[in-house]
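Values in this text are rule-based calculations from the coordinates and carry no lab data. It should be emphasised that the depicted structure is a prediction, and the values quoted were computed from it without experimental measurement. Cβ: placed from backbone, ideal geometry, glycine included. Neighbour counts: every protein chain shown.
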Amino acid sequence: MLIALHGGLGTSEQFAANSGFDELAEANGFAVVYPDGIRAVPNRPGLQTWNGGYCCGPAARQDVDDVGFVNFLIDLLSERFAVDATRIYAAGHSNGAIMAYRLACELSDRIAAIGVQAGSLGIDDCRPSKSVSVLHIHGLADTNHPIDGGVGTGVSGVEFRSGRVAVKTLAELGRCGIEPRVEQVSWNSDLEVSTWWNCESDVEVRLITVAGASHAWMGHSAASDAAAALVGEPYEDFDSSRAIWSFLIQHPRN
């Protein structure tokens with residue numbers, strides 16, 4: 001089962017349409033669920049956020065227990081459907097990616113691996129009870145959540161933490177090799193892949209940086225012209241959804 005977490009001010013319906021995970025689920029025989037964060041404006045649908053720690057919006061300011069919510073969601077769906085407890089994964093974009101990192105820290109007994117685009121580690125004390133595999137994708141032209149951190153150009157006004165530090169931290173917690181293996185992708189010179197290997201419990205931690213890619217979910221059309229104006233045009237020559245699922249399915253809970 002894949003838990004797909006929308007970005008800040010996004011919605012479950014928007015991320016389902018934007019990511020294409022439904023089509024991958026149908027083709028590959030897995031379940032995908034799109035939960036919603038709390039609304040930034042109580043009586044207005046949409047504009048939802050997750051409490052990933054330092055970010056984002058009212059979910060973080062009100063210290064909403066989104067980890068507890070996801071844990072409850074796993075229980076509920078496991079009761080109703082034949083969910084393989086060794087293959088429960090989380091994917092997320094932006095604020096949803098930050099939330100996925102928090103799940104890797106605080107719900108590691110249930111989440112086997114995470115795949116994210118454009119996120120960072122939102123809590124200061126990450127203590128997973130079990131090591132979690134991580135695929136982190138980040139566009140080098142992403143100004144909404146710069147890969148090295150800093151105030152983004154989006155509407156949140158958040159000073160983001162470094163995505164590179166997030167990946168390195170999870171590699172250290174997974175007791176991986178100190179230095180990653182860095183490779184250029186032969187079929188696309190925009191891609192650089194850094195892989196921390198020789199980790200405990202057969203986990204793997206990988207960072208893919210994409211030159212010229214904006215904040216928009218890669219390989220899929222923007223939800224609207226207004227969305228494209230906020231996050232940039234999607235990078236077309238790499239599909240984040242396919243890359244994430246291909247990585248996740250290789251890393252069940254041991």
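Before moving on, here are some points about what is shown:
- Most to least packed among 39-46, 73-80 [average Cβ atoms within 10 Å]: 73-80, 39-46
- Sorting Met218, Met1 by the number of Cβ atoms found within 10 Å of their own Cβ, with the fewest placed first, yields Met1, Met218.
- Peptides 177-190, 7-20 ordered by average Cβ neighbours within 10 Å, highest first: 7-20, 177-190
- Rg and Dmax [Cα atoms of the chain; Å; Rg one decimal, Dmax integer]: 16.5, 50
- Take 119-127, 238-246 and order them by the average number of nearby Cβ atoms within 10 Å per residue, most first; the result is 238-246, 119-127.
- Highest-fluctuation residue, Cys56, Cys199, Cys105 considered, GNM on the chain with Cα pairs under 10 Å: Cys199
- Radius 11 Å from Cβ of Gly115, net charge of other residues (Lys, Arg +1; Asp, Glu -1): +2
- Kyte-Doolittle mean at least -0.5, axial Cα span of 20 Å or more - DSSP H helices of the chain: 66-80
- Remark: Val210, Val134, Val33 ranked as Val33, Val210, Val134, counting other beta-carbon atoms within 10 Å and listing the fewest first.
- A straight chain from Asn43 to Arg127 at 0.36 nm per residue would run longer than the Cα-Cα distance by 26.6 nm.
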